[in-house]
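Encoded as structure tokens, the structure appears first; notes follow it.
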Amino acid sequence: MNKYKIIFVDIDWTILDHNKHDWDYESLDVLKKAQKAGILVCLNTARPYDSILHTGLFNIFKPDGIVCTNGGVVFVGDKLISANVIPEEVVRDIEKICNRHHLVLELSTDKERYFTSKPNRYVDRYFDVYTETIPEIKKYHNKNVSAILLFAPEKYDGILMKEFPKEINYIRFDTHGVDVGYYKNIKGEGIKTVLNYLKIDKELSIGAGDDIGDISMFKEVGLSICVGNGKEEAKLAADIVSDDIANHGLAKELERILFKN
């Protein structure tokens, strides 16, 4: 009999195949099957909530919880459980510096997302890779920002790391994308928040992902799965390495673990 009560699943390259610009529908079907069997499914992603919303995922799949912004914002059902908010003066300093360099920022609250200026070529190159929609352009208006995405190539790294407030974590994850963090948002911490809130034992949870940021997730679940297209560091940290997303690797492993005696 299956013992697991909750599954935490990453989005990009785990259930969303950017080579095809489409979902791994087979894996989504198995996640729905798990829900019907009484197993909760919680998204666990670096994306902010609004970014997930605009992928269209919620039109085809209804998660039981969402750990977004790399663990910085946590929902169980529709209830906001926790959110790490960046101090206003820090956001304003970062915006001022980026405006001076003609760089675009994306600011995210628990459910809102907006650009601070008109998209440029760096934004276009980032969006060539990631499935996104262009949000509204607004000035920062002190609305509980929990995540900052900077669109800039590597040539700016040294300059900005010197100019940004010393408290900032500057994390490049793409040739044109940088997470600008104040708190050390970690996916694993988001999992602990959910498990504590729901009073579910760690050993009764599964985590699935593909990237280095998912390693903290793997440490906080009872069973971890890295899809075969994942980074080598993530594969080494996982209990199981599945087939690639193109071959519906997550679907195959979850079917085997949860539904085959």
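The values are calculated or read from the model by the stated rules, or taken from the named source; none is laboratory data. Note that the structure is a prediction, hence the values are computed from the model and not measured. Cβ: placed from backbone, ideal geometry, glycine included. Neighbour counts: every protein chain shown. Heads up: the accessible areas ignore ligands, DNA and RNA and are worked out on the full protein's heavy atoms, side chains in. Shrake-Rupley method; radii C 1.70, N 1.55, O 1.52, S 1.80 Å.
Conditions (1) exposed (fewer than 13 other Cβ atoms within 10 Å of the Cβ); (2) at pLDDT below 90, marked per residue:
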position: Val145; (1), (2): no, no
position: Leu150; (1), (2): no, no
position: Lys155; (1), (2): yes, no
position: Gly158; (1), (2): yes, no
position: Phe164; (1), (2): no, no
position: Tyr183; (1), (2): no, yes
Q) Name the residues in segment 32-90 that are of a type in the set (A, V, I, L, M) and in a helix (DSSP H, G or I), would you? A) Ala34, Ile52, Leu53, Leu57, Val90
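Is it true that Ile186 is closer than 26 Å to Ile6 by Cβ and among the aliphatic types (A, V, I, L, M)? Spell out how you get there, then give the answer.
Working: closer than 26 Å to Ile6 by Cβ: yes; among the aliphatic types (A, V, I, L, M): yes.
When the stated conditions are applied, Ile186 passes them.
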Q.
Among the residues in segment 172-188, are any under 19 Å from Ala234 (Cβ atoms), out of contact with any Phe, Trp or Tyr (no Cβ under 9 Å at 6 or more places or on another chain) and of a type in the set (Phe, Trp, Tyr)?
A. yes
Q) Residues in segment 54-67 that are crowded, with 16+ Cβ neighbours inside 10 Å and free of Cβ contacts under 8 Å to residues at least 60 places away in the same chain: how many? A) 5
Q: Give the residues of segment 204-224 that are closer than 18 Å to Arg256 by Cα, surrounded by fewer than 24 Cβ atoms within 10 Å (Cβ to Cβ) and in contact with a Gly (Cβ under 7 Å, 6 or more places away or on another chain), sorted by residue number.
A: Leu204, Ser224
Q | Failed condition for Val76, given (1) modelled with pLDDT under 95; (2) surrounded by 14 or more Cβ atoms within 10 Å (Cβ to Cβ) | A | (1)
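Hey, among the residues in segment 101-132 that are under 19 Å from the mean Cα position of the chain (by Cα) and aliphatic (A, V, I, L, M), which one's most open to solvent (accessible area, probe 1.4 Å)?
First pass over segment 101-132, keeping only residues under 19 Å from the mean Cα position of the chain (by Cα): 105-115, 123, 126-132.
Among the residues that remain, those that are also aliphatic (A, V, I, L, M) are: 105, 107, 123, 129.
Numbers: Leu105: 2, Leu107: 2, Val123: 0, Val129: 58 Å².
Among those that are under 19 Å from the mean Cα position of the chain (by Cα) and aliphatic (A, V, I, L, M), it is Val129.
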Q | Subset of segment 91-145 [in contact with a His (Cβ under 8 Å, 6 or more places away or on another chain), in contact (Cβ under 8 Å) with a residue 60 or more places away in the chain and hydroxyl-bearing (Ser, Thr, Tyr)] | A | Tyr130, Thr131, Thr133
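Checking the condition open to solvent by 30 Å² or more (accessible area, probe 1.4 Å) and of a type in the set (Val, Ile, Thr), which residue from Ile39, Ile81, Ile97 passes?
Values: Ile39 fails: open to solvent by 30 Å² or more (accessible area, probe 1.4 Å); Ile97 fails: open to solvent by 30 Å² or more (accessible area, probe 1.4 Å).
After applying the criteria, what remains is Ile81.
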**Q.** Residues of segment 216-233 that turn out to be closer than 16 Å to Thr45 by Cα, out of contact with any strand residue (DSSP E or B) (no Cβ under 7 Å at 6 or more places or on another chain) and free of Cβ contacts under 8 Å to residues at least 24 places away in the same chain, as a count
**A.** 1
